[in-house]
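Okay, structure first, notes after.
What follows draws every value from the coordinates through simple rules; no lab data is involved. Only a predicted model underlies this, so the values are computations on that prediction, with no experimental measurement involved. Virtual Cβ from ideal backbone geometry, glycine too; neighbours counted across all protein chains shown.
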Amino acid sequence: MRIYLAAVQARLDPTVYRTPEAFRLGVDQAIAEALSSVPPDAQRIVAFPELFGLPLLFWMNAPDPVFDAKTTIQAALRWLSVLGPRAIALGPLGFYRRRALEVWPHYREAFVQAARKHRAYVFAGTWLAPTVDQEPGRGVYPLGLTVRNWGFWVNPHGSVLARPEKLRLMPEERKALVRPGSWGGQAIRTELGTLATLICLDAFHEALVERVDAAGAWLVVQPSANPARWEAPWRPDPRRTEGEVWLTEGLPQKLKGREHLRYGLNPMLVGDFYEMHFEGISNVAAPGAVLARVEEPTTPGSAGFLVEL
């Protein structure tokens, strides 16, 4: 069996997030570009970055003052003034809750359609939101107010398979009222074998890599949004750069000597989102090696690699 792995390096572009139609088109075009050289008989796995879905909460069908805001807090407060008293009473959690309910069907449907069209397993990136569910009698509804950093997998039939959550958080996430997720959905069994997801910082933690390896995963996807300059000194050790640590201490190192894990897929977010700036080099990794990579830390693109199984 031949499997093509693709990591999408996505640039934050407000025009992609303004309407449900623009978002569906943007997702479809990104996957089409990532798979443009895929042989017809190859299976496909495509992964989008961490926080790829976050701008939907802020920018989809947003009034102009939200776009003009200088910070995420300011943008959320402007949304609250539109969402009304019930949302205002909950503060920032009211923003997350109301917007997640409004946006989730569009986020989900964009990837359901694209995965089905391109016959691919797709990891849809992540966002910051309460967990949501849906059933005929209630429609879409939130499972509480707790905000997690979570994403979802879609198979080639357009079915959502799992919603892995981020377990180890950065200080910036805690300030944004995000709480650590729980184990469940990090390793899923598919027709292509067991696929694992460790969101950004999670894949740097030995215990979590050990756990997905023990679950029998041959591939670990590490969707990432790195809010640091790629060539800047690494905060724990300024003698090294941020990018050097990503490529030497990241997936190529973590995959060494594993029982089942053979490949890693690291899609990264780039660009600006209010006060935040993201840089990174998306790559496909094997033990001790980067097999394919995007060359520039600030430009969109995709890194692909054909795996023979």
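Some observations on this one:
- All positions within the range 24-61 that are within 14 Å of Ser302 (Cα to Cα), outside any helix (DSSP H, G or I) and either within 17 Å of the chain's Cα centre (by Cα) or not hydroxyl-bearing (Ser, Thr, Tyr) (or both): Leu35, Val38, Arg44, Ile45, Val46, Ala47, Phe48, Pro49
- Residues being over 16 Å from the mean Cα position of the chain (by Cα), touching a residue at least 12 places away in the same chain (Cβ under 8 Å) and surrounded by fewer than 19 Cβ atoms within 10 Å (Cβ to Cβ) - total across the range 1-23: 6
- Those strands (runs of 3 or more DSSP E) of the range 208-290 in which 3 or more residues are in contact with a helix residue (DSSP H, G or I) (Cβ under 9 Å, 6 or more places away or on another chain) and crowded, with 16+ Cβ neighbours inside 10 Å occupy 263-266, 283-286.
- A Cβ distance below 6 Å, combined with a sequence gap of six or more or placement on separate chains, defines the contacts here; from the range 77-88, residues that are over 13 Å from Ala62 (Cα atoms) reach residues that are surrounded by 13 or more Cβ atoms within 10 Å (Cβ to Cβ) in the pairs Ala87/Leu80; Ala87/Gly94; Ala87/Arg98; Ile88/Leu80.
- A search for C-beta distances below 7 Å between a residue of the range 231-250 that is free of Cβ contacts under 8 Å to residues at least 12 places away in the same chain and any residue that is loosely packed, with under 15 Cβ neighbours inside 10 Å and part of a strand (DSSP E or B), counting only pairs 6+ apart in sequence or on different chains, returns Trp234/Arg240; Thr241/Pro233.
- Some residue of the range 155-164 being out of contact with any Lys or Arg (no Cβ under 8 Å at 6 or more places or on another chain), polar (S, T, N, Q) and surrounded by 18 or more Cβ atoms within 10 Å (Cβ to Cβ): yes
- The residues of the range 82-113 that are more than 18 Å from Pro20 (Cβ to Cβ), among the small types (Gly, Ala, Ser) and surrounded by 15 or more Cβ atoms within 10 Å (Cβ to Cβ), listed by number, are Ala87, Gly94.
- Put simply, of Pro156, Pro136 the only residue that is touching a residue at least 24 places away in the same chain (Cβ under 8 Å) and out of contact with any His (no Cβ under 6 Å at 6 or more places or on another chain) is Pro156.
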